[in-house]
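Each value in this text was obtained by applying a stated rule to the coordinates, not by laboratory testing. Values in this document were obtained by computation on a predicted structure and should not be read as measured data. Neighbour counts run over all protein chains shown; Cβ positions are idealised from the backbone, glycine included.
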Amino acid sequence: MVLRLCNAGLFKLALSGVILFFLTGCSGEFRKFWEDSIYATYEIKPSYQGATARFLGVSSFLIKDNDTTIMIDGYLSRPDQYLYRPISPNNVQIETMLCALAVKMNAGCSDNKSNKDNLDAVFAMHGHFDHALDSPLIACLTGATLVGGPVLLEIADRTKRFFPSICQQISHEYLDENLSEYSFDYDPISVTLIKVKHSENIASKLLENASYDPDWAFPAKITQMKEGISVAAHLKLRQGSILIVPTAGEINQEFHDKRFEADTIFLGIGALGFECEEKAKKYWNNTVVASKAKWVIPIHWDSLSGPLDPESAVLDIPYYERLDRVLQWFQKFAADDPDVTVRPVPIFKSFDPFFSRLDQ
């Protein structure tokens, strides 16, 4: 028997049901894990003197230690339908989020509060839109230094052309393609970028292999923003060290060095669920085990779209991910070491990246 859904509404309902089925079947346990109250973090008080972090989805972070604040990626526009239409940085969304994050901007925020933090630097982990789309405009609006390779220079140039009235100058720190490491000091935060291979998942291959127009301009297809230099970030702060691995690529010996030991690792898991357990184990060994991290936080698992709400920030899980498999693997791997814990973190809200009070 052939079932025909002639009514568009019924078809959409059925399609939604199929998507929900896959979401529940492939990532339902991961969602429960991420929202489990057992992992609730302590609220950061204004008087808190330690380092803080905010997770902004994908692999974007705002990290503060003392009077120094840096941003990793800073993908805040999160445009809808990015697969089907040209996109551009959303300056209204970006300014709103920067104000909510208490980041000082050149033009100021409408609330006129004075307790804003200067942003010292914006580090883009590579050139794809979900990492680099907003980085140049954030640097321009805040006066921060933009750190990235040739692709970031290109995006910065297109950003200045698209926003001539609000973005004229962008301070840029260039990454030489011939080097494998890059060091920066924003006392008390020191940053080492380590060149790593990007995940070779289908989506990434499509982005890289799609046609490219050297004269592209915003709004632009996401395929115009190529990978360029892909890096991970090792941060040394007063209380400890953090390793951010934004993409689940082929990691080998990059972190088998005492210099890159970390207390906390933010570990990209996008598309990892489509690999085999053996490959996931290798990835774990060459990141978590190699860095001797105690806390493992999965990142880069969300849908890449949908604006963040500072009051009730949640991230949508795309129906195509297989996050339950990854969670099961990670929890299995972590069981081999009683000092390692896989855990979620708040979205948008400030937290202690070293979970110090949990150790007391």
Exercise. Indicate the gyration tensor shape class of segment 125-242 (rounded, prolate or oblate), computed on the Cα atoms with a ≥ b ≥ c the square roots of the eigenvalues: a/c under 1.5 is rounded; otherwise a/b larger than b/c is prolate and the rest oblate.
Key: oblate
Practice problem: Calculate one ³J(HN,Hα) per residue across segment 304-318 by plugging θ = phi - 60° into the Karplus curve 6.51 cos²θ - 1.76 cosθ + 1.60, and present them in order as whole Hz with x for glycine and proline. | Solution: 6, 10, x, x, 6, 10, x, 7, 8, 5, 9, 10, 6, 9, x
Quiz item: What is the Cα centroid distance between segment 195-216 and segment 237-262, reported in whole angstrom?
Solution: 24
Practice problem: Loop sites only, by DSSP: take the chymotrypsin sites (Phe, Trp or Tyr not before Pro) in the chain that have at most 14 other C-beta atoms within 10 Å and name the longest stretch containing none of them. | Solution: 213-360
Self-check item: the chain: DSSP helices with Cα axial extent of at least 20 Å and average Kyte-Doolittle hydropathy no lower than 1.6
Solution: none
Exercise. Can you grab the distance from the C-alpha centre of segment 311-360 to the C-alpha centre of segment 48-72, Å, no decimals?
Key: 17
Quiz prompt | Reachable lysines from residue 349, criterion Cα separation under 17 angstrom, eight or more residues apart if same chain | solution = 45, 64, 116
Quiz item: Remind me, relative contact order of the chain in percent, using alpha carbon pairs under 8 angstrom and six or more residues apart?
Solution: 21
Quiz item: Do the alpha carbons of any pairs in 104/294; 32/226; 205/282 sit beyond 26 Å of each other, and which pairs?
Solution: 104/294; 32/226
Exercise. Could you tell me which of rounded, prolate or oblate describes segment 112-188, using a ≥ b ≥ c as the square roots of the eigenvalues of the alpha-carbon gyration tensor, with rounded for a/c under 1.5 and, failing that, prolate when a/b is larger than b/c and oblate otherwise?
Key: oblate
Quiz prompt | Projected-area average for segment 259-360 over all orientations - Cα convex hull basis, square nanometres | solution = 7.5
Quiz item: Distance from the Cα centre of segment 144-171 to that of segment 265-303, in angstrom?
Solution: 32
